[in-house]
Amino acid sequence: EAGVTQFPSHSVIEKGQTVTLRCDPISGHDNLYWYRRVMGKEIKFLLHFVKESKQDESGMPNNRFLAERTGGTYSTLKVQPAELEDSGVYFCASSRAGQGIYGYTFGSGTRLTVV
Amino acid sequence: DAKTTQPPSMDCAEGRAANLPCNHSTISGNEYVYWYRQIHSQGPQYIIHGLKNNETNEMASLIITEDRKSSTLILPHATLRDTAVYYCIVKFSGGYNKLIFGAGTRLAVHP
């Protein structure tokens, strides 16, 4: 089966601009997660979708971040306006309904650089 | 979820066994031990998990002490491609499935 696909793989934007990251989960995976690692810090959870519904968005840093998963398929994460501290690697993961955390499959991530 | 403690870094010679320790002294009876790793420029990858019995799969073995307060991930024949950051995560099997990553252990496998 195809893995979790994220694009772009790299994005360089100026402070104040808008960037949209996309994640295509494995087909049939109801659970979709976003994580990020900012420079020098640990990987942090952002939010969790079950199909198109936000199950847990406790990790979203502020209202500049907006995640959507229309139709329960792919998801987008928009950062508007981007700030310097948003630079880092954004990971997406998916899993089947009812699978524990051993069922996660991660994408390779989007490296976001805000200058 | 219980807190874990791992050494920040370890070295291993290629072809030798890599033994990565993890302390989780506050683990509860129904919490599992999970191991993930992140190879540079890739997303985290699941390795193995266990409750109280030792586990083995095609990637690694997991040894959990009888009191469950610590565990060891064993890569039996480390290769250069095993160079990565390894994360030990203790978590209930149910409930929300978000992962809480610590700093992990940076394993360097050298020729």
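Some points to look at:
- Placing pseudo-labels 7 Å out from each Cα toward the beta carbon at A:Thr73 and A:Thr113 gives an inter-label distance of 3.3 nm.
- Choice from A:Val12, A:Val89, A:Val38 with maximal GNM fluctuation in chain A (Cα, 10 Å cutoff): A:Val12
- Estimated vicinal HN-Hα couplings, Hz - region B:67-81 in sequence order (Karplus 6.51, -1.76, 1.60; Gly, Pro = x): 7, 6, 7, 7, 8, 9, 8, 10, 9, x, 9, 4, 10, 4, 6
- Residues with amide H under 5 Å from that of A:Leu47, placed H, sequence gap 5 or more: A:Trp34
- Nonlocal amide H pairs with A:Thr5, under 5 Å, H built at 1.01 Å: A:Asp24
- Each residue, A:Ser27 and A:Ser58, gets one label point 7 Å from its Cα in the Cβ direction; the gap between the two is 3.5 nm.
- Most fluctuating residue given options A:Gly98, A:Gly88, A:Gly28, as computed from a GNM of chain A linking Cα atoms under 10 Å: A:Gly98
- Straight-distance candidates among the lysines for linking to B:Lys69, with alpha-carbon spacing under 27 Å and chain neighbours fewer than 8 residues away dropped: A:Lys41, A:Lys44, B:Lys3, B:Lys52, B:Lys91, B:Lys98.
- Most mobile listed residue (B:Leu62, B:Leu20, B:Leu80) in chain B, GNM with C-alpha springs under 10 Å: B:Leu80
- The label point for A:Thr18 and the one for B:Thr79, both projected 7 Å from the Cα toward the Cβ, are 4.5 nm apart.
- For A:Arg111, the solvent-accessible surface computed with a 1.4 Å probe is close to 100 Å², ligands and nucleic acids excluded.
- Alpha-carbon centroids, region B:10-69 and region A:1-18: separation in whole Å: 31 Å
- Fully extending the segment from B:Asp67 to B:Ser41, taken as 0.36 nm per residue of separation minus the present Cα-Cα distance, adds 5.7 nm.
The values are calculated or read from the model by the stated rules, or taken from the named source; none is laboratory data. Fair warning: this is a prediction, and the values are worked out from it, not measured in the lab. So basically every Cβ, Gly included, is an ideal-geometry build from the backbone, and we count neighbours across all protein chains shown. Accessible surface is based on the protein model in full, side chains and every heavy atom, while ligands, DNA and RNA are left aside. Shrake-Rupley method; radii C 1.70, N 1.55, O 1.52, S 1.80 Å.
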